[in-house]
Amino acid sequence: MAIRPILPYPHSGLSTPCQPVTVFDDAVKTLCTDLLDTMRAAPGVGITAAHIGVFQRVFVLELSPQDGVRNYINPEILSQSAHTMRHTEGSVSMPGYTEEVERPAAVRVRYQDITGAFHEEETDGFHAICIQHEIDQLDGMFWLQKLSRLKRDRLVRKWQKAAHAPKS
């Protein structure tokens, strides 16, 4: 159990596609625990292994205390709705910067848990948005790529300006 350093935007690791997990051992369990600790410290509701420089297809979600913690290993979207919704998104790699993104409102996803067992679920709303956001990151697509060029450029300029501002 450890809080690991998060790769800051625009680190090249954030555009690196992740490899499938093939061995379900204590290292995978430790990775999921470390991801949860790191996400909570950030804070955030989701984090991928790529955010901490581990390029495996693993992410953790904790949308609310009632929903609990969910570990998604080797996730894949099986289907998505034609209906879309807009939701404000951000990243633990770019804290404090958000913008609205449009995504399918519902998805069906298949994934494995920390024991390697397969699961499928259908979900919609915020949960579906988070799953898509994290799977994009596992595929090497940082959430900014979902924005129009104008919105992306504006947000990146703000980020760069703040990141290079002298600390008082």
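The values are calculated or read from the model by the stated rules, or taken from the named source; none is laboratory data. Please read all numbers here as calculations on a predicted model, not as lab measurements. Cβ sites come from the backbone with ideal geometry, for glycine too, and all protein chains shown count toward neighbours.
For the reader, a short list of remarks on this structure follows.
- Residue that is touching a residue at least 40 places away in the same chain (Cβ under 8 Å) and within 27 Å of residue 31 (Cα to Cα), where the choices are 134, 99, 122, 62: 134
- Single residue of 132, 145, 112 found to be over 18 Å from residue 54 (Cα atoms) and either among the β-branched types (Val, Ile, Thr) or surrounded by 17 or more Cβ atoms within 10 Å (Cβ to Cβ) (or both): 132
- Condition met for residue 98 (β-branched (Val, Ile, Thr), closer than 24 Å to residue 20 by Cα and either surrounded by fewer than 16 Cβ atoms within 10 Å (Cβ to Cβ) or in contact with a Lys or Arg (Cβ under 6 Å, 6 or more places away or on another chain) (or both)): no
- Top-ranked residue of the stretch 52-79 - restricted to ones that are farther than 22 Å from residue 103 by Cα and modelled with pLDDT of 95 or more, ranked as surrounded by the most Cβ atoms within 10 Å (Cβ to Cβ): 52
- Listing of strands (runs of 3 or more DSSP E) fully contained in the stretch 47-102 that carry 3 or more residues being of a type in the set (A, V, I, L, M) and within 20 Å of residue 37 (Cβ to Cβ): 58-61
- Looking at 23, 28, just one residue is of a type in the set (A, V, I, L, M) and assigned to a loop (DSSP other than H, G, I, E, B), and that residue is 23.
- Number of the exception - residue 37 against (1) without any contact (Cβ under 8 Å) to a residue 60 or more places away in the chain; (2) part of a strand (DSSP E or B); (3) surrounded by 15 or more Cβ atoms within 10 Å (Cβ to Cβ): (2)
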